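As structure tokens, the structure follows; a few thoughts come after it.
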Amino acid sequence: MYRLCLSDEGNVSGPSVECGASSVTRVSSVGNDVIDGLVANVNEVNFSGYIVCSISLWHKRLAHTNVKNIEKMQTKGMLKYDSKDFEKCETCVKSKFTKKPFPSVKRNTSLLELIHSDICELNGILTRGGKRYFITFCDDFSRYLHVYLLRSKDEAFDAFKRYKAEVENQLERHIKILRSDRGGEYFNQEFDTFCEENGIKHERTSPYTPQQNGLAERKNQTLCEMVNCMLNQSGQPNNLWGEALLTACYVHNRITSRVIPTSPYELWKGKKPNLDYLKVWGCVAYYRTPDPKRTQLGARANKSIFIGYAQNSKAYRLLDIESGVVVESRDVEFFEDKFSKDEENSSHTTPTSTSREILPPPPIVEEPRRSTRARIEKTFGEDFYSYLVEGTQKKVTREVIFSINLDDDPKTFTEAMTSRDAPLWKEAINDEMDSIMGNGTWELADLPKGRRPIGSQWIFKKKYHLDGSISAYKARLVAKGYWQREGIDYFDTYALVARISSIRTLIAISALKGLYIHQMDVKTAFLNGYLKEEIYLEQPEGFVIPRQENKVCRLVKSLYGLKQAPKQWHERFDTTVTAFGFQHNSADRCIYSKHTSGYIVVICLYVDDMLIIGTHLEGILETKKYLSSKFKMKDLGEVDTILGIKVKRTGGQISLSQSHYIEKILTKFQHLNIKEFNTPFDSSVKLKVNSGRAVAQLEYASAVGSMMYATHCTRPDIAFAVSKLSQYTVNPGTEHWKAVGRVLGYLKRTSTFELTYSSSNGILEGYSDASWIDHTSDSKSTSGWIYTLVGGAISWASKKQTCIAHSTMEAELIALAAAGKEAEWIQDLLMDIRLWDIPMPSIPIYCDSEATLSKVYNAVYNGKSRHVGLRHNFVRQLIESGTIKVVYVKTSRNLADPFTKPLTRDLVTSTTRVMGLKPQ
């Protein structure tokens with residue numbers, strides 16, 4: 001029998017307490033053998049006698065819930081324990097001192113009829129991620145809770161929109177009533193308008209009577225009590241209250257209560273929760289070292305603290321003790337009776353107080369509270385082994401398979417300076433100010449009478465490698481351009497960027513001719529433009545000069561955020577490179593080329609990123625040296641990533657991949673329960689305009705927009721599906737969401753596809769097709785075309801025609817005219833670059849309509865087709881000038897076919913291969 005001290009007094013108190021085969025009693029906290037009430041030599045204590053599934057252990061696992069709830073759960077077969085011996089829990093006694101609950105009211109009878117919401121702050125203590133508040137949404141019928149962590153109260157509206165989209169999509173029901181207090185985060189025009197537009201009745205408490213929102217108040221109180229118990233028992237710091245709160249909410253939804261006969265989870269999900277995997281929060285745990293970091297010799301597991309359950313995968317969340325980062329893993333060994341505070345206490349030689357600061361539960365009546373916004377955490381599915389999800393810049397490395405930082409970027413200067421990454425943000429801010437001051441961007445001056453200065457703000461952003469690890473912390477000082485007045489502060493605006501088709505074409509030519517491709521980045525590019533207007537800026541936050549607070553910054557050069565900043569930067573860059581012998585490309589103003597007797601160099605500019613392509617390395621190095629002498633440049637060497645697209649060169653071929661971006665899309669929308677599909681669109685589905693209420697319209701637009709970028713860059717195989725879905729973003733229905741899920745399922749199956757260009761085939765060719773009246777609602781047709789070069793697609797489109805075609809031939813002619821315009825543009829691009837043989841041969845465009853071929857090669861009009869004379873003349877002009885030639889091809893071999901209609905699995909497989917899409 002062992003004697004342990006858990007008392008604050010200096011003497012032995014009370015008889016021993018039996019616990020399994022071991023026995024616990026209070027002993028004196030005197031001398032070096034006993035520290036903080038614990039036996040100093042913990043190695044002598046044998047814990048093997050503890051009963052693993054005692055009611056006391058379940059009480060701790062379930063975040064100190066009421067013992068009656070545990071007994072009720074056993075009678076329902078939800079858990080088992082061997083002993084009913086239970087003594088009053090000291091942690092509960094210390095943590096649960098509350099007022100009596102308000103009288104309950106009659107519950108609703110179905111899900112989402114009434115949602116209770118409230119916002120709460122825990123003594124201003126920030127989480128590790130800088131969150132100060134939390135907001136809860138509680139369904140009245142099931143009592144199922146959702147909780148979101150917020151930085152500020154004004155994020156409450158975003159949290160509600162996220163909550164609404166999530167639950168309505170999962171349950172296929174609509175929220176009818178929202179009940180909250182009268183806090184400013186709920187009581188505003190934006191919130192009211194949103195509720196009215198979505199048919200939600202917003203009930204608010206009467207002034208100074210928060211009892212009317214009693215359920216939300218009590219739920220917040222319950223969560224705070226659970227968090228108090230969890231933090232007290234484990235001895236973890238208070239800044240982990242966010243993790244504890246999310247775990248408390250997770251556990252609460254799986255616990256029975258006095259009000260409902262079963263758990264909220266069962267009423268919400270329709271099935272009993274599995275409690276076998278629940279563990280004591282804050283206990284010591286060891287997780288298996290990931291394969292890339294494990295060695296033959298040495299430890300094969302890392303010590304950590306258990307801090308919660310992964311939201312979207314079957315894994316545990318753990319705080320690594322040594323590195324301080326948060327990981328998620330499913331291979332974990334727990335020591336539920338062991339806490340890190342015990343080991344820390346046992347290492348001291350002098351006794352210290354056993355008490356710690358307790359987070360007080362929020363008052364129920366005294367003051368109304370606010371709601372906050374939720375953070376949707378990301379995972380990579382239940383089959384994923386173990387990955388890093390949070391940590392500092394130095395400790396997030398490429399050795400980890402995937403890493404995702406769960407902290408949002410700071411929204412304000414104050415937030416950045418009070419976050420746990422404050423030193424890194426300070427370094428980023430200083431770098432930005434060094435660039436601004438070194439560039440001579442402004443000079444201090446008195447504000448002229450009658451002039452108004454423009455405000456400024458700091459924008460913070462973490463940049464990531466393709467594997468998800470943090471590459472840099474960026475801070476940008478941005479002028480509040482929306483304060484500018486046209487005709488006074490600016491006169492003209494535009495922003496030139498290279499077309500993505502230009503970038504793909506240049507990469508394809510590089511694969512064909514074995515060209516060098518390097519990459520550079522212009523640091524603080526917009527600071528290089530000269531201003532013609534006189535603009536005054538308030539001194540930036542954090543850098544107001546003492547005793548000169550009334551002065552303002554008179555801008556000499558451009559600054560991010562100004563409406564004319566992109567235009568001024570491009571003019572400066574244009575002047576600089578043309579002075580070095582570069583010439584504009586007539587087809588793309590952001591493509592510059594230089595031709596000498598020794599080499600050809602091409603610059604492709606995309607805002608502040610640029611590709612430098614050349615026939616000889618000498619020319620590229622000369623260009624880099626010149627640009628570095630004119631601007632503050634970052635040399636990135638051979639191209640690796642451009643616009644988030646991975647560029648990989650293997651032998652004589654170059655491939656473009658967005659697999660990491662697609663994984664992010666799938667993670668973002670994994671709550672849709674995405675299943676894999678062989679085709680992006682179901683040929684049996686005929687989408688129509690939704691005549692009812694919109695279903696999660698904002699999230700639908702976000703999903704389509706996310707897929708649109710992949711379509712625009714590297715995935716022509718989903719162009720038709722995404723184009724079709726984008727026509728219903730105003731009022732999407734359930735059928736449209738199912739179609740979105742199918743495209744996501746296809747992307748899940750083909751996420752590793754790369755757009756590949758090979759040096760073996762130097763043929764440039766196009767394909768054109770149309771689907772006549774496939775839009776039954778307005779009798780319009782769909783055009784599709786694609787161009788391939790060296791075995792890969794360089795340009796493509798799937799578009800709804802803007803006019804009604806009277807026949808199949810007319811629809812095909814409209815599509816052919818659009819494809820002809822693109823052919824003319826491609827020819828102009830290639831001829832100016834001079835990397836293609838001149839004169840260029842006619843570009844063949846393959847078409848599967850014999851009537852259309854007969855028409856374009858016949859100058860005679862007839863009565864049925866004279867109204868299409870404009871397009872007819874345009875195509876004939878391209879043919880006569882030698883720009884294109886139209887060639888017949890069978891429908892089964894028309895590569896533009898998948899851009900106008902859904903195809904079967906075999907046709908999808910064959911066409912994607914011809915487009916150059918191949919798995920890694």
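Things worth noting here:
- The stretch 655-754, relative contact order [Cα under 8 Å, separation at least 6], %: 52
- Formal net charge of residues neighbouring Lys271 (Cβ-Cβ distance under 14 Å; K, R +1; D, E -1): +3
- Förster-model FRET efficiency, 30 Å R0, Gln877 and Asn731, C-beta, rounded to 0.05: 0.10
- Neighbour net charge for Gln212 - beta-carbon separation under 11 angstrom, K R +1, D E -1: 0
- Between Asn678 and Met840, the simple spin-label model (points 7 angstrom out along Cα→Cβ) gives 3.9 nm.
- Cα-Cα over 27 Å, subset of Lys557/Lys594; Lys131/Lys567; Lys462/Lys634; Lys161/Lys279: Lys557/Lys594; Lys131/Lys567; Lys161/Lys279
- The stretch 767-810: proportion of alpha-carbon pairs further apart than 15 angstrom, %: 45
- Neighbour-limited loop hits for GluC sites (Glu not before Pro), the stretch 644-701 (at most 15 other Cβ within 10 Å; DSSP other than H, G, I, E, B): Glu676
- Taking every lysine pair in the stretch 655-754 that is 8 or more places apart or spans two chains, those with Cα atoms closer than 18 Å amount to 12.
- Alpha carbon centroid spacing (whole Å) that separates the stretch 768-828 from the stretch 417-459: 49
- Formal net charge of residues neighbouring Ile509 (Cβ-Cβ distance under 12 Å; K, R +1; D, E -1): +2
- Given charges at Cβ of Lys, Arg, Asp, Glu: the stretch 655-754 dipole, positive-most of Ala703, Gly741, Val689: Val689
- Equivalent ellipsoid semi-axes, the stretch 655-754, via Cα gyration tensor eigenvalues times 5, rooted, Å: 22, 13, 12
Coordinate-derived values only; no laboratory data. Since the model is a prediction, treat every value here as computed from it, not as a measurement. For neighbour counting, all protein chains shown are included, and Cβ atoms are generated from backbone atoms with ideal geometry for every residue, glycine included.
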